[in-house]
Amino acid sequence: MRTDVWQTLHTDLTPGVQPDQETYAVPFGPHQILLPIRQLADGRGVASLIVNQASFAVLDALADTLTAKLAAHRPDIIIGVPTLGLTLAEAIARRLGHTRMVPLGTSRKFWYDDALSVDLKSITTPGGGKRLYVDPRMLPLLSGRRVAVVDDVLSSGASIAATLRLLSLIDVTPVAIGAAMLQGEGWRERVGTTPVEGAFATPTLTKSAQGWS
């Protein structure tokens, strides 16, 4: 098993499924990033990205790319989606010159309001069992502001749909959604008309006798 996934900005890989049938090279500007292939319960495969396990070089490149794309939407503040979107959200907020970002959470603090929470599940945690919260103390930072939401990956769209439901409870409509990876197409119907920016995109894979394709 290769140990260099998420670690290097390659220049010598052919995009697509690699000969080892365990990794996928995704084009990223003039480079490629190597991602491991994960098989889902239904037999499909996806290229996986774990942002907080990536090298700083890869994380910086992702943040630089998304910052440039989100800057065009002129956000006043960045909202980070837990857990893996928080690292990327902070990096983007700093690059935009913001003094802070607003993190959503899945751990209920005693001062939280259950009315400001929604059920949460994702492709990697399909069983759900979590709730997504916004800290009531953050509401003044969001009211009347141009808000952009940052997550690590958009895949089935379940987690971003939960985020949008939560924000609708506080009358916040994002001007844009940003993600390091747009994985497959399942997320599209969940975001409505909100503009979506991705650093790169990967397809859903199928497996045959010849391997992944």
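Some points to look at:
- PHE200 falls short on exactly one of the conditions (1) of a type in the set (A, V, I, L, M, F, W, C); (2) closer than 19 Å to PRO36 by Cβ; (3) at pLDDT below 95, and that condition is (3).
- Residues that are buried (at least 16 other Cβ atoms within 10 Å of the Cβ) and in contact with a helix residue (DSSP H, G or I) (Cβ under 8 Å, 6 or more places away or on another chain), drawn from the stretch 9-39: LEU9, PHE28, HIS31, ILE33
- When residues of the stretch 92-104 are limited to those that are in a loop (DSSP other than H, G, I, E, B) and in contact with a Gly (Cβ under 8 Å, 6 or more places away or on another chain), the one surrounded by the most Cβ atoms within 10 Å (Cβ to Cβ): LEU104
- VAL175 being surrounded by fewer than 20 Cβ atoms within 10 Å (Cβ to Cβ), within 14 Å of the chain's Cα centre (by Cα) and more than 25 Å from ASP114 (Cβ to Cβ): no
- The stretch 6-53 holds strands (runs of 3 or more DSSP E) entirely within its bounds, and those carrying 2 or more residues that are free of Cβ contacts under 8 Å to residues at least 60 places away in the same chain map to 23-28, 31-39.
- In the stretch 81-91, the residues that are surrounded by fewer than 24 Cβ atoms within 10 Å (Cβ to Cβ) and either touching a Pro at 6+ places or on another chain (Cβ under 7 Å) or not in a helix (DSSP H, G or I) (or both): PRO82, THR83, LEU84, LEU86
- The listed residue being among the charged types (D, E, K, R), at pLDDT 95 or above and out of contact with any His (no Cβ under 9 Å at 6 or more places or on another chain), out of ARG2, ARG108, ARG100: ARG100
- For the stretch 57-79, taking the residues that are of a type in the set (Val, Ile, Thr) and over 14 Å from the mean Cα position of the chain (by Cα), the one that is farthest from ALA176 (Cα to Cα) is identified as VAL58.
- Candidates ASP76, ASP64, ASP60, ASP42: the one that is surrounded by fewer than 20 Cβ atoms within 10 Å (Cβ to Cβ) and over 26 Å from VAL147 (Cα atoms) is ASP42.
- Against the conditions (1) closer than 21 Å to ILE78 by Cβ; (2) assigned to a helix (DSSP H, G or I), GLU189 satisfies every one except (1).
- Per-region count, the stretch 36-78, residues among the small types (Gly, Ala, Ser) and at pLDDT below 95: 2
- Some residue of the stretch 47-61 being of a type outside the set (Phe, Trp, Tyr), in contact with a Phe, Trp or Tyr (Cβ under 6 Å, 6 or more places away or on another chain) and under 19 Å from SER159 (Cα atoms): yes
The values are calculated or read from the model by the stated rules, or taken from the named source; none is laboratory data. The model shown is predicted, which means the values in this text are computed figures rather than measured ones. Using ideal geometry, Cβ is built from the backbone for each residue, glycine included, and neighbour counts are taken over all protein chains shown.
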